[in-house]
Amino acid sequence: MKEDNPVKRRLPRPLLPLAVTALLAGIAYPAQAQPQPDTGHTLPADTRFYVEPHSDAAQQTLTDLRGHDLAGATAMAELASWPEAHWFTDGTPAQVERETRTLVHRASATGTVPVLVAYNIPGRDCSQYSSGGAQSDADYQAWIAAFARGIGRAKAVVVLEPDALANLPQDCSPTTDPTGTLTAGRLADLNYAVDALEQQPGTVVYLDAGNSHWQSVGAIAQRLLQAGVEHAQGFSLNVSNFFATDLADHYGTWVSNCLWFATKGPAYAHGHADWCASQYYSPSAPNDGLPGDSVNADDPSTWHWTDQWFQQNVGSQPADQLAHFVVDTSRNGQGAWTPPAGRYTGDPQIWCNPPGRGIGDRPTADTGVPLADAYLWIKTVGQSDGQCNRNIPGGTVDPEYGIVDPPAGTWWPEQALTLVHNAVPALTFAPGRR
């Protein structure tokens, strides 16, 4: 991939402190605002999300200024002006309670709402790039209880355990969970977490549901129900992935309607989320083998067949009777990556540090989509997905970059700059942050 190479401009040393002040003024610490009234478990359209003053991007701004790279510093300062989620991935219960309380108090002082990601489920990521998590179900439940105590009565958005449902232990390998015990424990842990977090009066919880190119609508709806989504605000989509926002909105609306169909719909449908049409198949399509006569997950022009099934079987239900969702738009401005034909014989890992991607829609709770509560930057922009090798046997170097990628969660300045330069729409400073 051709890397961005911003022109470096040298600043006289006496001007460096002034440049730091100019670039970081108004973005290092969010502007003061009056706290919003307590409206319960809702996410108003005018919600302002918390901006971390010591983010990776803010630190990179200073690094670039010290290196006399004004173009790079400006790009990173623009990135640092926007709110991103804060991930909690480990630590003792005492540590996570203290760290969570500190963060929500900082946000409350600025009249903003923090986005928190709880990512510590046992057996996380099938022991792959982002492996880790609590050592047992009991340890996890103690950790999540402390996480909830740390939030207390403060306002917070919680994205609960990315990939934990879309990638259950039973999905990892034939030998990972032969008896189903681990999967049952996973579902119990998620139910516990939903209940513990939703007991906090200012917390809205979104149980992660993967993305539009993973589990079918009915499969993920069934898993969401098993994990307690009916007690949560809803679910999250596209976390750490790259699929376009409109695809996530479309898929999320189907999932919401499928949840209604299997719980509040006609009596014959109760418990049958598996009957829902999906991004892979719709009974309403002719399915006769002719072009366009069946649903194709990679061709949204065929998705009208699934729309038709839901219109016939669910109709138009009020938004307050349907589960809502949030979408991660941190890296989906260019959509998903399609590797050149014939380049890779195995799985090219399109989800793992794909080249040429860009930041997508800005964080907002005013999406214009009835069931989409917010577009959020959940994945930290510029952090690596892991040491991808495009499934080349014995390979450690990522052929798309010619290097060994940084470990998962590691700040990668070059990737951050690429994501900023390729942003759609073009990235600017957040309103009021320059």
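Cβ contacts < 9 Å: first residue within 15 Å of Ala209 (Cβ to Cβ), restricted to region 187-198; second residue modelled with pLDDT under 95 and in a helix (DSSP H, G or I), any location; separation 6+ or different chain. Result? Here the result reads none, with nothing in region 187-198 linked to a residue that is modelled with pLDDT under 95 and in a helix (DSSP H, G or I). A count restricted to region 381-414 and to residues that are in contact with a strand residue (DSSP E or B) (Cβ under 8 Å, 6 or more places away or on another chain) and under 17 Å from Asp64 (Cβ atoms) stands at 3. Checking each residue in region 78-127 for being outside any strand (DSSP E or B) and within 28 Å of Thr418 (Cα to Cα) picks out Glu78, Leu79, Ala80, Ser81, Trp82, Pro83, Glu84, Ala85, Thr89, Pro114, Tyr119, Asp125. Within region 191-220, restricting attention to residues that are of a type in the set (D, E, K, R) and not in a strand (DSSP E or B), which residue is nearest to the chain's Cα centre (by Cα)? Ranking the candidates gives Glu198 first. Taking region 109-132 as the range and being modelled with pLDDT of 95 or more, under 22 Å from Ser330 (Cβ atoms) and of a type outside the set (Phe, Trp, Tyr) as the test, the residues that pass are Thr110, Thr112, Val113, Pro114, Val115, Leu116, Val117, Ala118, Asn120, Ile121. Among the residues of region 316-351, just one is buried (at least 22 other Cβ atoms within 10 Å of the Cβ), in a loop (DSSP other than H, G, I, E, B) and of a type in the set (A, V, I, L, M, F, W, C), namely Ala323. The requirement of being assigned to a loop (DSSP other than H, G, I, E, B), of a type in the set (Ser, Thr, Tyr) and at pLDDT below 95 is not satisfied by Thr21.
Would you check if Arg124 is among the basic types (Lys, Arg) and either out of contact with any helix residue (DSSP H, G or I) (no Cβ under 6 Å at 6 or more places or on another chain) or surrounded by 22 or more Cβ atoms within 10 Å (Cβ to Cβ) (or both)? Against the criterion (among the basic types (Lys, Arg) and either out of contact with any helix residue (DSSP H, G or I) (no Cβ under 6 Å at 6 or more places or on another chain) or surrounded by 22 or more Cβ atoms within 10 Å (Cβ to Cβ) (or both)), Arg124 qualifies. One residue stands out among those in region 158-190 that are assigned to a loop (DSSP other than H, G, I, E, B) and of a type in the set (Ser, Thr, Tyr): the one that is nearest to Ala219 (Cα to Cα), which is Ser173.
Taking (1) in contact with a Leu (Cβ under 8 Å, 6 or more places away or on another chain); (2) closer than 18 Å to Ala273 by Cβ in turn, Ala248 satisfies each apart from (2). Scanning region 207-245 for residues that are closer than 15 Å to Thr329 by Cβ and among the hydroxyl-bearing types (Ser, Thr, Tyr), we see that the one that is surrounded by the most Cβ atoms within 10 Å (Cβ to Cβ) is Ser236. Exactly one residue out of Asp307, Asp288 is among the acidic types (Asp, Glu), in a loop (DSSP other than H, G, I, E, B) and at pLDDT 95 or above, and it is Asp288. When the criteria are applied in full, Gly202 meets the requirement of being in contact with a His (Cβ under 9 Å, 6 or more places away or on another chain), on the phi < 0 side of the Ramachandran plot and either of a type outside the set (S, T, N, Q) or buried (at least 22 other Cβ atoms within 10 Å of the Cβ) (or both). Whenever a residue of region 343-371 is within 17 Å of Tyr251 (Cβ to Cβ), its partners that are of a type in the set (D, E, K, R) and modelled with pLDDT of 95 or more, lying with C-beta atoms within less than 6 angstrom and at least six residues away or across chains, give the pairs Val369/Asp249.
Within the set Thr418, Thr410, the sole residue that is crowded, with 18+ Cβ neighbours inside 10 Å, under 21 Å from the mean Cα position of the chain (by Cα), hydroxyl-bearing (Ser, Thr, Tyr) and modelled with pLDDT of 95 or more turns out to be Thr418.
The values are calculated or read from the model by the stated rules, or taken from the named source; none is laboratory data. All of these numbers come straight from a predicted model, not from anything done at the bench. Every residue, glycine among them, receives a Cβ derived from its backbone with ideal geometry; neighbour counts consider all protein chains shown.
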